[in-house]
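What follows is one structure encoded as structure tokens, with my remarks underneath.
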Amino acid sequence: MLAMNIVFAVTFIPVGVILYFMIRNYAKPKKNIILGVTLPYSVHDDAETTKICASFQKMLNAVMLPLIFLSAAPFFMRSMGAAMTWYMTWMVLVIVAPYAVFGVHRGKLMSLKLDKGWRGEAAGLGLVDLRASADPPGKVNAIWFLLPLILSLLPLIDLARAPSEWLSIIMYATFSLMVALFWFIYYRIFHVRSEVFNEDLTLTRALTRVRRYNWSKFWLISAWLTGVFNVLIWFFSDDMLAFLFVTLGYSLILLGAAIKIEFSTRSAQQKLTAGDARNLYADEDDFWIWGILYHNPNDNHFLVNYRIGIGMTCNMAKLSGKILMGFAALTIIITPFTGIWMWMEEATPVRLVMTQTELTARHTRDQYVIPLDSIESVELIDKLPVIISRVAGTSMENMSKGLFSTVGYGRVRLNVQTKDPPFLQITAGGETYFLNDNDSEVTLEVFLQLQSSIQITGVNPPSP
């Protein structure tokens, strides 16, 4: 339980901390945008503007700092399902709460902007410079994405000789598809309309190059990290500790790279545009709902750039944009139910049911149905083999089910309450099973029934 809490903490807490600093950074001018509101440079230091920014940072601290401290709550819980439920709920709060604070203060700054008449001459217009769009794209050679894709396919080539390991094949194939997806997403930046800061073509081109350069760097790093990661988890598939460290390392390095590139892009954008006080500048605030969601019926593009940084979003005015954002919102809403599902898994007892023809091991559903005439041997044991790694299945504090790699037995199939001996060790159909019932008396009764109803050689009787 402690080990899993450490894994959860290392995985989830950095997300909250990084999100806090990223959203807090919106209070600082980027281009001519503060808190998602386009403002003339002459009012960036206005007393009322500064007051709203200070209030935003203060409220963000009041909301986020307690949440970050509360992330330690699962260390005081005894149930893995309860801990996972808390982490999943916490993650939703960490995502929604800071953006709610941002939305409130963005609304205040928009009201101030309208009251003071700070709208730009191009307010409500989506400015595009076709000359900048026509510049050579400067794409990296495709070989730099092809190589990590080939690397990521190595585990699948090896597993082609073992088609029964379909769960492992799905896992490795998913990461290979991610590499291919990164390659595809990389090319999308060259098909997105070129946003305009003001009428200075040289500046627009410089901003476009900054965005494309950092965009290319991020997706290239993501492709290589994921390709290498897929090979490493395949290599360490039988070493749970190494597998864990590789997974954590991959997550932290990828997250760190994303943050560094994002802030580098923002910094470059601010340096390029600092002090440019032209009257004609892009002001697309009317198209950005809460400063976050893009909605422009006059824009035929599905994907558009965020106004700062390297990110992209979809146009909510298009049906496909509504569907995608609805799916994203649904994913966030149902996230806590992942923990609830685990909690139910943890609370559901393991059962054994024996008929005249078969033995069924159950946990939320029938996990294994073993014909009695396929059983080659059965033993009653008090201790499970040492587990090296989980190949496919579920492993909790008091329950394990699925395919596992073990010391001395190789790969075996488990459906057990790990803290409630005795256990049945059954060999059937070339597979080794370790099973038991939540009630130890039922486990013993099933063993005795197997002895009396099946002709099995070499069966060890239970110890007196």
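The values are calculated or read from the model by the stated rules, or taken from the named source; none is laboratory data. Treat the numbers as computed from the prediction; the structure is a model and nothing was measured. Neighbour counts run over all protein chains shown; Cβ positions are idealised from the backbone, glycine included.
Going through the range 77-101 one residue at a time, which ones are of a type in the set (Gly, Ala, Ser) and in a helix (DSSP H, G or I)?
Within the range 77-101, Gly81, Ala82, Ala83, Ala97, Ala100 meet the criteria.
Please enumerate the residues belonging to the range 230-269 that are crowded, with 18+ Cβ neighbours inside 10 Å and within 15 Å of the chain's Cα centre (by Cα).
Tyr250, the sole residue that qualifies.
Could you pull out the residue among Thr273, Thr364, Thr331 that is assigned by TED's automatic domain parsing to the domain that holds Thr204 and of a type in the set (S, T, N, Q)?
Of Thr273, Thr364, Thr331, the one residue that is assigned by TED's automatic domain parsing to the domain that holds Thr204 and of a type in the set (S, T, N, Q) is Thr273.
Please go through the range 294-321 and give me each residue that is under 30 Å from Pro29 (Cα atoms) and assigned to a helix (DSSP H, G or I), ordered by number.
The one that is under 30 Å from Pro29 (Cα atoms) and assigned to a helix (DSSP H, G or I): Gly321.
Across the range 317-338, what is the total count of residues that are more than 23 Å from the chain's Cα centre (by Cα) and either closer than 25 Å to Arg119 by Cα or surrounded by 14 or more Cβ atoms within 10 Å (Cβ to Cβ) (or both)?
Counting residues in the range 317-338 that are more than 23 Å from the chain's Cα centre (by Cα) and either closer than 25 Å to Arg119 by Cα or surrounded by 14 or more Cβ atoms within 10 Å (Cβ to Cβ) (or both) gives 2.
Output the number of residues of the range 102-152 satisfying the condition of being assigned to a loop (DSSP other than H, G, I, E, B) and either of a type in the set (Phe, Trp, Tyr) or at pLDDT 90 or above (or both).
1
Limited to the range 296-314, what total is found for residues that are modelled with pLDDT of 85 or more, buried (at least 17 other Cβ atoms within 10 Å of the Cβ) and either assigned by TED's automatic domain parsing to the domain that holds Val37 or more than 23 Å from the chain's Cα centre (by Cα) (or both)?
Qualifying residue count for the region: 1.
Which strands (runs of 3 or more DSSP E) does the range 341-427 wholly contain that include 1 or more residues that are modelled with pLDDT of 85 or more and surrounded by fewer than 18 Cβ atoms within 10 Å (Cβ to Cβ)?
351-354, 358-362, 366-371, 375-381, 399-406, 410-417
Those residues that are more than 22 Å from Gln269 (Cβ to Cβ) and touching a residue at least 60 places away in the same chain (Cβ under 8 Å), I need them from the range 305-336; list them, please.
Those that are more than 22 Å from Gln269 (Cβ to Cβ) and touching a residue at least 60 places away in the same chain (Cβ under 8 Å): Ile332, Ile333, Thr335, Pro336.
Select from the range 428-441 the residues that are touching a residue at least 24 places away in the same chain (Cβ under 8 Å) and closer than 14 Å to Lys383 by Cα and write down the one among them that is surrounded by the most Cβ atoms within 10 Å (Cβ to Cβ).
It comes out as Asn436.
Which residue, of Tyr99, Tyr87, is assigned by TED's automatic domain parsing to the domain that holds Thr50, hydroxyl-bearing (Ser, Thr, Tyr) and at pLDDT 90 or above?
None of the others qualify; the one that does is Tyr99.
Can you tell me which condition Val63 does not meet? The list is (1) part of a helix (DSSP H, G or I); (2) free of Cβ contacts under 8 Å to residues at least 12 places away in the same chain, and all the others hold.
Val63 satisfies all of (1) part of a helix (DSSP H, G or I); (2) free of Cβ contacts under 8 Å to residues at least 12 places away in the same chain except (2).
Mind checking which residues of the range 428-442 are of a type outside the set (A, V, I, L, M, F, W, C) and assigned to a strand (DSSP E or B)?
Result: Glu431, Thr432, Tyr433.
Looking only at residues in the range 38-60 that are surrounded by 13 or more Cβ atoms within 10 Å (Cβ to Cβ), part of a helix (DSSP H, G or I) and of a type in the set (Ser, Thr, Tyr), which one is modelled with the lowest pLDDT?
Result: Tyr41.
Select from the range 383-402 the residues that are touching a residue at least 60 places away in the same chain (Cβ under 8 Å) and closer than 21 Å to Thr443 by Cα and write down the one among them that is nearest to the chain's Cα centre (by Cα).
Of everything passing the filter in the range 383-402, Met396 is nearest to the chain's Cα centre (by Cα).
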